[in-house]
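The values are calculated or read from the model by the stated rules, or taken from the named source; none is laboratory data. Everything quoted here is computed from the prediction, not taken from an experiment. Positions of Cβ are backbone-derived with ideal geometry, glycine not excepted, and every protein chain shown enters the neighbour counts. Note: accessible area is taken over every heavy atom of the protein model, side chains too, but ligands, DNA and RNA are not part of it. Shrake-Rupley method; radii C 1.70, N 1.55, O 1.52, S 1.80 Å.
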Amino acid sequence: MASGGDLSDIVVVHDYLNQRGGAERVVLEWASMWPGVPVYTSLYRPESTFPEFGSVDVRTSFLDRAPTDEGFRRLFPLYPAAFRSLGVLSAQVVISSSSGWAHGVRTSSDTLHTVYCHTPARWLYGGEHLDHGSGERLLATMMRPFRSWDRNAARRADLYIANSQQVRQRIKLEYGIDALVVHPPVDVDRFQATPRGDRLLVVSRLLPYKRIDLVVDAATKAGLGLDIVGIGPALDDLRHRAGPSVCFHGRLPDADVTALMQECRALCLPGREDFGITPVEANAAGKPVVALAQGGALETLEESVTASFFHRQSTADVLDAIHRCDAIETDPAIIAGYAQRFSRAAFRERMTDVLRAGVLNAQRRRQAV
(Lines give C-alpha, C1' and ligand atoms only; values in the text may rest on other atoms or scores of the structure.)
Protein backbone atom coordinates (compact mmCIF):
# COMPACT_ATOMS: atom_id res chain seq x y z
CA MET A 1 0.00 0.00 0.00
CA ALA A 2 1.25 3.43 -0.89
CA SER A 3 2.01 5.89 1.85
CA GLY A 4 1.22 9.52 2.52
CA GLY A 5 -2.39 9.32 1.44
CA ASP A 6 -1.41 8.56 -2.17
CA LEU A 7 -4.21 6.90 -4.17
CA SER A 8 -2.40 4.41 -6.34
CA ASP A 9 -4.46 1.21 -6.13
CA ILE A 10 -8.24 1.52 -6.34
CA VAL A 11 -11.06 -0.90 -7.09
CA VAL A 12 -14.72 0.03 -7.61
CA VAL A 13 -17.71 -2.18 -6.83
CA HIS A 14 -21.22 -1.36 -8.08
CA ASP A 15 -24.59 -3.06 -7.50
CA TYR A 16 -25.44 -3.80 -11.15
CA LEU A 17 -24.69 -2.22 -14.50
CA ASN A 18 -27.97 -2.35 -16.39
CA GLN A 19 -29.39 1.14 -15.87
CA ARG A 20 -28.67 4.72 -16.95
CA GLY A 21 -28.92 6.67 -13.73
CA GLY A 22 -26.99 8.95 -11.45
CA ALA A 23 -25.27 6.07 -9.67
CA GLU A 24 -23.85 4.81 -12.94
CA ARG A 25 -22.61 8.30 -13.80
CA VAL A 26 -20.73 8.37 -10.49
CA VAL A 27 -18.99 5.11 -11.41
CA LEU A 28 -18.08 6.49 -14.83
CA GLU A 29 -16.61 9.56 -13.16
CA TRP A 30 -14.35 7.35 -11.03
CA ALA A 31 -13.32 5.42 -14.14
CA SER A 32 -12.34 8.75 -15.69
CA MET A 33 -10.50 9.90 -12.55
CA TRP A 34 -8.49 6.68 -12.32
CA PRO A 35 -8.06 5.23 -15.82
CA GLY A 36 -7.91 1.43 -15.85
CA VAL A 37 -9.71 1.03 -12.51
CA PRO A 38 -11.56 -2.33 -12.45
CA VAL A 39 -15.29 -2.19 -11.76
CA TYR A 40 -16.76 -5.27 -10.11
CA THR A 41 -20.51 -5.80 -10.34
CA SER A 42 -23.16 -8.50 -10.11
CA LEU A 43 -24.33 -8.30 -13.73
CA TYR A 44 -23.63 -6.14 -16.77
CA ARG A 45 -25.97 -5.47 -19.68
CA PRO A 46 -24.13 -3.15 -22.11
CA GLU A 47 -27.27 -2.34 -24.08
CA SER A 48 -29.12 -1.14 -20.95
CA THR A 49 -26.52 1.19 -19.46
CA PHE A 50 -24.24 3.96 -20.66
CA PRO A 51 -22.13 2.97 -23.70
CA GLU A 52 -19.04 4.48 -22.03
CA PHE A 53 -18.82 1.35 -19.90
CA GLY A 54 -17.62 -0.41 -23.05
CA SER A 55 -14.14 1.02 -22.41
CA VAL A 56 -14.15 0.16 -18.68
CA ASP A 57 -12.66 -3.01 -17.15
CA VAL A 58 -15.96 -4.51 -15.95
CA ARG A 59 -15.79 -7.76 -13.97
CA THR A 60 -18.98 -9.65 -13.15
CA SER A 61 -20.27 -12.32 -10.77
CA PHE A 62 -22.02 -15.58 -11.65
CA LEU A 63 -25.30 -13.64 -11.89
CA ASP A 64 -24.12 -12.19 -15.18
CA ARG A 65 -25.10 -15.53 -16.74
CA ALA A 66 -28.72 -15.16 -15.61
CA PRO A 67 -31.05 -14.57 -18.60
CA THR A 68 -32.60 -11.41 -17.20
CA ASP A 69 -32.36 -7.66 -17.51
CA GLU A 70 -35.50 -5.73 -16.57
CA GLY A 71 -36.36 -8.48 -14.07
CA PHE A 72 -33.02 -8.18 -12.27
CA ARG A 73 -34.68 -7.18 -8.97
CA ARG A 74 -36.33 -10.60 -8.74
CA LEU A 75 -32.87 -12.07 -8.20
CA PHE A 76 -32.56 -10.29 -4.83
CA PRO A 77 -32.00 -13.46 -2.72
CA LEU A 78 -28.86 -14.18 -4.77
CA TYR A 79 -27.08 -10.82 -4.57
CA PRO A 80 -25.29 -11.40 -1.23
CA ALA A 81 -23.83 -14.62 -2.64
CA ALA A 82 -22.94 -12.86 -5.89
CA PHE A 83 -20.81 -10.24 -4.15
CA ARG A 84 -19.28 -12.83 -1.87
CA SER A 85 -18.28 -14.82 -4.95
CA LEU A 86 -16.07 -11.92 -6.08
CA GLY A 87 -13.58 -13.04 -3.42
CA VAL A 88 -11.57 -10.88 -1.03
CA LEU A 89 -10.54 -7.63 -2.71
CA SER A 90 -7.16 -6.45 -1.46
CA ALA A 91 -6.59 -3.12 -3.20
CA GLN A 92 -5.42 -0.05 -1.29
CA VAL A 93 -8.92 1.41 -1.57
CA VAL A 94 -12.16 -0.37 -2.46
CA ILE A 95 -15.06 1.98 -3.20
CA SER A 96 -18.47 0.35 -3.08
CA SER A 97 -21.15 2.26 -4.99
CA SER A 98 -24.19 0.95 -3.18
CA SER A 99 -27.93 1.30 -2.85
CA GLY A 100 -28.37 -2.22 -1.62
CA TRP A 101 -25.69 -4.79 -2.33
CA ALA A 102 -22.16 -3.70 -3.28
CA HIS A 103 -21.24 -2.74 0.30
CA GLY A 104 -21.38 -6.46 1.13
CA VAL A 105 -18.21 -7.20 -0.83
CA ARG A 106 -15.33 -8.67 1.17
CA THR A 107 -12.07 -6.75 1.53
CA SER A 108 -8.70 -7.45 3.14
CA SER A 109 -7.72 -6.06 6.53
CA ASP A 110 -5.25 -3.65 4.87
CA THR A 111 -7.86 -2.19 2.52
CA LEU A 112 -9.74 1.04 3.12
CA HIS A 113 -13.28 -0.08 2.29
CA THR A 114 -15.22 3.07 1.45
CA VAL A 115 -18.95 2.94 0.77
CA TYR A 116 -20.42 5.67 -1.42
CA CYS A 117 -24.07 5.27 -0.48
CA HIS A 118 -26.75 6.46 -2.89
CA THR A 119 -29.35 5.37 -0.32
CA PRO A 120 -29.79 2.55 2.20
CA ALA A 121 -31.86 -0.13 0.46
CA ARG A 122 -35.33 1.29 -0.14
CA TRP A 123 -36.95 -2.11 -0.26
CA LEU A 124 -35.67 -2.87 3.25
CA TYR A 125 -36.42 0.41 4.98
CA GLY A 126 -39.37 1.83 3.10
CA GLY A 127 -39.90 3.57 -0.22
CA GLU A 128 -39.28 1.94 -3.56
CA HIS A 129 -40.10 -1.79 -3.65
CA LEU A 130 -38.38 -4.56 -5.52
CA ASP A 131 -41.40 -5.87 -7.32
CA HIS A 132 -45.11 -6.37 -7.06
CA GLY A 133 -47.39 -9.33 -6.35
CA SER A 134 -45.64 -12.55 -5.42
CA GLY A 135 -42.26 -10.82 -5.26
CA GLU A 136 -43.43 -8.51 -2.47
CA ARG A 137 -45.08 -11.38 -0.57
CA LEU A 138 -41.84 -13.32 -0.68
CA LEU A 139 -39.93 -10.23 0.38
CA ALA A 140 -42.13 -9.77 3.44
CA THR A 141 -41.16 -13.22 4.74
CA MET A 142 -37.42 -12.55 4.25
CA MET A 143 -37.19 -8.95 5.50
CA ARG A 144 -35.59 -9.60 8.89
CA PRO A 145 -32.57 -11.68 7.73
CA PHE A 146 -31.87 -9.31 4.86
CA ARG A 147 -31.92 -6.32 7.18
CA SER A 148 -29.44 -8.12 9.42
CA TRP A 149 -27.18 -8.88 6.45
CA ASP A 150 -27.43 -5.29 5.22
CA ARG A 151 -26.58 -3.69 8.56
CA ASN A 152 -23.70 -6.08 9.24
CA ALA A 153 -22.27 -5.34 5.80
CA ALA A 154 -22.57 -1.59 6.39
CA ARG A 155 -20.79 -1.75 9.73
CA ARG A 156 -17.83 -3.66 8.30
CA ALA A 157 -16.92 -0.70 6.09
CA ASP A 158 -14.12 1.64 7.16
CA LEU A 159 -15.58 4.85 5.75
CA TYR A 160 -19.11 5.84 4.74
CA ILE A 161 -19.94 8.61 2.29
CA ALA A 162 -23.47 9.83 1.57
CA ASN A 163 -24.44 11.49 -1.69
CA SER A 164 -26.62 14.06 0.12
CA GLN A 165 -27.66 15.27 3.55
CA GLN A 166 -30.92 13.37 3.13
CA VAL A 167 -29.05 10.10 2.66
CA ARG A 168 -26.66 10.99 5.49
CA GLN A 169 -29.63 11.20 7.85
CA ARG A 170 -30.97 7.87 6.60
CA ILE A 171 -27.57 6.20 7.08
CA LYS A 172 -27.48 7.45 10.66
CA LEU A 173 -31.01 6.19 11.28
CA GLU A 174 -30.61 2.72 9.78
CA TYR A 175 -26.93 1.95 10.47
CA GLY A 176 -25.93 4.26 13.32
CA ILE A 177 -23.04 5.50 11.15
CA ASP A 178 -21.95 9.15 10.81
CA ALA A 179 -21.26 9.56 7.11
CA LEU A 180 -19.48 12.32 5.26
CA VAL A 181 -21.29 14.02 2.37
CA VAL A 182 -19.87 14.19 -1.16
CA HIS A 183 -22.47 15.34 -3.65
CA PRO A 184 -22.38 13.39 -6.93
CA PRO A 185 -20.81 14.89 -10.04
CA VAL A 186 -22.94 16.76 -12.53
CA ASP A 187 -21.59 17.50 -16.00
CA VAL A 188 -22.64 21.14 -15.85
CA ASP A 189 -20.07 22.19 -18.45
CA ARG A 190 -21.99 20.48 -21.25
CA PHE A 191 -24.76 23.09 -20.92
CA GLN A 192 -24.98 26.72 -21.93
CA ALA A 193 -27.23 29.17 -20.11
CA THR A 194 -29.97 30.08 -22.57
CA PRO A 195 -33.33 31.90 -22.40
CA ARG A 196 -36.42 29.91 -21.53
CA GLY A 197 -38.51 28.20 -24.18
CA ASP A 198 -42.20 27.26 -24.28
CA ARG A 199 -42.37 23.61 -23.18
CA LEU A 200 -41.95 21.94 -19.81
CA LEU A 201 -39.56 19.02 -19.47
CA VAL A 202 -39.29 15.82 -17.43
CA VAL A 203 -36.18 13.62 -17.58
CA SER A 204 -36.65 10.56 -15.41
CA ARG A 205 -37.05 6.81 -15.17
CA LEU A 206 -40.78 6.25 -15.47
CA LEU A 207 -41.49 4.56 -12.17
CA PRO A 208 -44.69 5.06 -10.14
CA TYR A 209 -42.97 6.62 -7.13
CA LYS A 210 -41.43 9.31 -9.35
CA ARG A 211 -44.98 10.77 -9.67
CA ILE A 212 -44.59 11.85 -13.29
CA ASP A 213 -48.38 11.43 -13.48
CA LEU A 214 -48.76 14.74 -11.61
CA VAL A 215 -46.98 16.69 -14.32
CA VAL A 216 -48.77 14.82 -17.12
CA ASP A 217 -52.13 15.58 -15.53
CA ALA A 218 -51.19 19.24 -14.95
CA ALA A 219 -49.98 19.74 -18.53
CA THR A 220 -53.01 17.94 -19.95
CA LYS A 221 -55.47 19.94 -17.87
CA ALA A 222 -53.89 23.30 -18.74
CA GLY A 223 -52.87 22.46 -22.30
CA LEU A 224 -49.19 23.07 -21.55
CA GLY A 225 -46.47 21.68 -23.77
CA LEU A 226 -44.56 18.89 -22.01
CA ASP A 227 -41.66 16.73 -23.18
CA ILE A 228 -40.95 13.50 -21.27
CA VAL A 229 -37.62 11.71 -21.65
CA GLY A 230 -37.27 8.25 -20.14
CA ILE A 231 -38.62 4.73 -20.09
CA GLY A 232 -40.07 2.52 -17.39
CA PRO A 233 -43.05 0.49 -16.23
CA ALA A 234 -45.28 3.55 -15.77
CA LEU A 235 -45.06 4.50 -19.47
CA ASP A 236 -48.32 2.88 -20.59
CA ASP A 237 -50.32 4.53 -17.81
CA LEU A 238 -48.75 7.91 -18.54
CA ARG A 239 -49.51 7.64 -22.26
CA HIS A 240 -53.11 6.74 -21.47
CA ARG A 241 -53.67 9.84 -19.31
CA ALA A 242 -51.69 12.28 -21.47
CA GLY A 243 -53.33 14.87 -23.71
CA PRO A 244 -52.08 16.01 -27.13
CA SER A 245 -49.68 18.59 -25.66
CA VAL A 246 -47.56 15.84 -24.06
CA CYS A 247 -44.77 14.21 -26.10
CA PHE A 248 -42.94 11.03 -25.01
CA HIS A 249 -39.40 10.74 -26.35
CA GLY A 250 -38.30 7.47 -24.75
CA ARG A 251 -34.59 7.08 -24.04
CA LEU A 252 -32.44 9.73 -25.73
CA PRO A 253 -28.69 10.26 -26.12
CA ASP A 254 -27.12 12.87 -23.86
CA ALA A 255 -26.78 15.35 -26.74
CA ASP A 256 -30.54 15.31 -27.35
CA VAL A 257 -31.28 15.67 -23.63
CA THR A 258 -28.90 18.63 -23.51
CA ALA A 259 -30.75 20.28 -26.38
CA LEU A 260 -34.13 19.80 -24.67
CA MET A 261 -32.74 21.23 -21.41
CA GLN A 262 -31.51 24.33 -23.21
CA GLU A 263 -34.81 24.81 -25.04
CA CYS A 264 -37.26 24.11 -22.22
CA ARG A 265 -39.47 26.42 -20.17
CA ALA A 266 -38.63 24.66 -16.90
CA LEU A 267 -37.75 21.19 -15.63
CA CYS A 268 -40.30 19.41 -13.45
CA LEU A 269 -39.32 17.18 -10.53
CA PRO A 270 -42.57 15.94 -8.98
CA GLY A 271 -41.16 13.14 -6.79
CA ARG A 272 -38.74 12.98 -3.91
CA GLU A 273 -35.10 12.40 -4.92
CA ASP A 274 -32.22 11.74 -2.56
CA PHE A 275 -30.07 14.15 -4.55
CA GLY A 276 -31.41 14.71 -8.04
CA ILE A 277 -28.98 15.33 -10.89
CA THR A 278 -31.46 16.58 -13.49
CA PRO A 279 -32.45 19.72 -11.52
CA VAL A 280 -28.79 20.74 -11.35
CA GLU A 281 -28.45 20.09 -15.09
CA ALA A 282 -31.48 22.26 -15.77
CA ASN A 283 -29.98 25.06 -13.67
CA ALA A 284 -26.72 24.68 -15.61
CA ALA A 285 -28.77 25.33 -18.76
CA GLY A 286 -30.14 28.49 -17.12
CA LYS A 287 -33.57 26.98 -16.47
CA PRO A 288 -35.56 27.04 -13.23
CA VAL A 289 -37.10 23.90 -11.74
CA VAL A 290 -40.61 23.09 -10.53
CA ALA A 291 -39.94 20.71 -7.64
CA LEU A 292 -41.49 18.89 -4.73
CA ALA A 293 -40.18 20.52 -1.54
CA GLN A 294 -38.55 17.37 -0.24
CA GLY A 295 -35.26 15.49 -0.45
CA GLY A 296 -32.23 16.63 -2.36
CA ALA A 297 -34.10 19.46 -4.10
CA LEU A 298 -33.90 21.39 -0.83
CA GLU A 299 -30.08 21.10 -0.96
CA THR A 300 -29.57 22.08 -4.59
CA LEU A 301 -32.33 24.58 -5.40
CA GLU A 302 -33.28 28.05 -4.13
CA GLU A 303 -36.94 29.06 -3.85
CA SER A 304 -37.88 31.97 -6.16
CA VAL A 305 -34.29 32.13 -7.47
CA THR A 306 -33.61 28.82 -9.23
CA ALA A 307 -36.86 26.99 -8.47
CA SER A 308 -40.45 27.08 -7.32
CA PHE A 309 -41.49 24.45 -4.79
CA PHE A 310 -44.81 22.76 -4.15
CA HIS A 311 -45.58 20.96 -0.88
CA ARG A 312 -48.53 18.74 -1.76
CA GLN A 313 -48.47 16.21 -4.59
CA SER A 314 -51.60 17.38 -6.36
CA THR A 315 -52.30 18.65 -9.86
CA ALA A 316 -53.43 22.02 -8.54
CA ASP A 317 -50.26 22.51 -6.53
CA VAL A 318 -48.07 21.57 -9.49
CA LEU A 319 -49.90 24.07 -11.71
CA ASP A 320 -49.50 26.77 -9.08
CA ALA A 321 -45.75 26.07 -8.88
CA ILE A 322 -45.49 26.24 -12.67
CA HIS A 323 -47.11 29.68 -12.68
CA ARG A 324 -44.78 30.86 -9.89
CA CYS A 325 -41.82 29.45 -11.78
CA ASP A 326 -42.80 31.51 -14.84
CA ALA A 327 -42.57 34.60 -12.63
CA ILE A 328 -38.94 33.96 -11.61
CA GLU A 329 -36.80 36.75 -13.04
CA THR A 330 -33.32 35.38 -12.27
CA ASP A 331 -30.98 35.79 -15.22
CA PRO A 332 -30.11 32.41 -16.88
CA ALA A 333 -26.38 33.01 -16.30
CA ILE A 334 -26.97 33.51 -12.58
CA ILE A 335 -29.06 30.33 -12.39
CA ALA A 336 -26.23 28.49 -14.13
CA GLY A 337 -23.77 29.83 -11.58
CA TYR A 338 -25.63 28.05 -8.78
CA ALA A 339 -25.07 24.72 -10.56
CA GLN A 340 -21.27 25.06 -10.44
CA ARG A 341 -21.30 23.94 -6.79
CA PHE A 342 -22.01 20.41 -8.05
CA SER A 343 -19.62 20.24 -10.99
CA ARG A 344 -17.44 17.26 -11.86
CA ALA A 345 -14.38 19.24 -10.76
CA ALA A 346 -15.94 19.89 -7.33
CA PHE A 347 -16.75 16.20 -6.95
CA ARG A 348 -13.24 15.10 -7.91
CA GLU A 349 -11.62 17.47 -5.45
CA ARG A 350 -13.90 16.53 -2.57
CA MET A 351 -13.72 12.79 -3.28
CA THR A 352 -9.94 12.81 -3.52
CA ASP A 353 -9.57 14.78 -0.28
CA VAL A 354 -11.87 12.39 1.61
CA LEU A 355 -10.10 9.26 0.34
CA ARG A 356 -6.61 10.60 1.05
CA ALA A 357 -7.64 11.52 4.58
CA GLY A 358 -9.15 8.06 4.99
CA VAL A 359 -5.98 6.32 3.85
CA LEU A 360 -3.81 8.42 6.18
CA ASN A 361 -6.12 7.77 9.14
CA ALA A 362 -6.07 4.02 8.44
CA GLN A 363 -2.27 4.02 8.30
CA ARG A 364 -2.04 5.87 11.62
CA ARG A 365 -4.44 3.42 13.26
CA ARG A 366 -2.35 0.46 12.10
CA GLN A 367 0.89 2.07 13.26
CA ALA A 368 -0.64 2.73 16.69
CA VAL A 369 -1.46 -0.95 17.22
* Output the number of the condition that Leu159 fails; it satisfies all remaining conditions of (1) under 28 Å from Val94 (Cβ atoms); (2) surrounded by 14 or more Cβ atoms within 10 Å (Cβ to Cβ); (3) among the aliphatic types (A, V, I, L, M); (4) at pLDDT below 95. => (4)
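Given Ala362, Ala357, Ala321, which one is in contact with a strand residue (DSSP E or B) (Cβ under 6 Å, 6 or more places away or on another chain), surrounded by 13 or more Cβ atoms within 10 Å (Cβ to Cβ) and farther than 28 Å from Thr194 by Cα?
From the options Ala362, Ala357, Ala321, the qualifying one is Ala362.
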* Asked: Name the residues in segment 69-98 that are over 22 Å from the mean Cα position of the chain (by Cα), in a loop (DSSP other than H, G, I, E, B) and surrounded by fewer than 16 Cβ atoms within 10 Å (Cβ to Cβ), would you?
  -> Ser85, Gly87, Ser90
* To do: Mind counting the residues in segment 233-244 that are surrounded by fewer than 16 Cβ atoms within 10 Å (Cβ to Cβ) and in a loop (DSSP other than H, G, I, E, B)?
  => 3
* Which one is surrounded by the most Cβ atoms within 10 Å (Cβ to Cβ), of the residues in segment 44-56 that are in a loop (DSSP other than H, G, I, E, B) and of a type in the set (A, V, I, L, M, F, W, C)? -> Val56
* Go through (1) more than 27 Å from Asp189 (Cα to Cα); (2) in contact (Cβ under 8 Å) with a residue 24 or more places away in the chain; (3) open to solvent by 30 Å² or more (accessible area, probe 1.4 Å) and name the single condition Gln262 misses. => (1)
* Asked: With Trp34, Trp30 as the choices, which residue is buried (at least 20 other Cβ atoms within 10 Å of the Cβ) and under 29 Å from Val280 (Cβ atoms)?
  -> Trp30
* Could you please let me know if Arg59 is open to solvent by 50 Å² or more (accessible area, probe 1.4 Å), in contact with a Leu (Cβ under 6 Å, 6 or more places away or on another chain) and more than 19 Å from Thr352 (Cβ to Cβ)? => no
* Does at least one position in segment 198-218 carry a residue that is modelled with pLDDT of 95 or more, open to solvent by 50 Å² or more (accessible area, probe 1.4 Å) and over 25 Å from Gln294 (Cα atoms)? -> yes
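For (1) in a strand (DSSP E or B); (2) of a type in the set (Lys, Arg); (3) touching a helix residue (DSSP H, G or I) at 6+ places or on another chain (Cβ under 6 Å), each residue gets a yes or a no:
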position: Gln262; (1), (2), (3): no, no, no
position: Gly271; (1), (2), (3): no, no, yes
position: Gln294; (1), (2), (3): no, no, no
position: Ser308; (1), (2), (3): yes, no, yes
position: Val318; (1), (2), (3): no, no, yes
position: Ala333; (1), (2), (3): no, no, no
position: Arg341; (1), (2), (3): no, yes, no
position: Arg364; (1), (2), (3): no, yes, no
position: Gln367; (1), (2), (3): no, no, no
* Test each condition in (1) assigned to a helix (DSSP H, G or I); (2) of a type in the set (Gly, Ala, Ser); (3) open to solvent by less than 50 Å² (accessible area, probe 1.4 Å) for Ala255 and report the one that comes out false. => (3)
* Asked: Counting only residues that are closer than 30 Å to Ala154 by Cβ and in contact with a helix residue (DSSP H, G or I) (Cβ under 7 Å, 6 or more places away or on another chain), how many does segment 171-199 have?
  -> 13
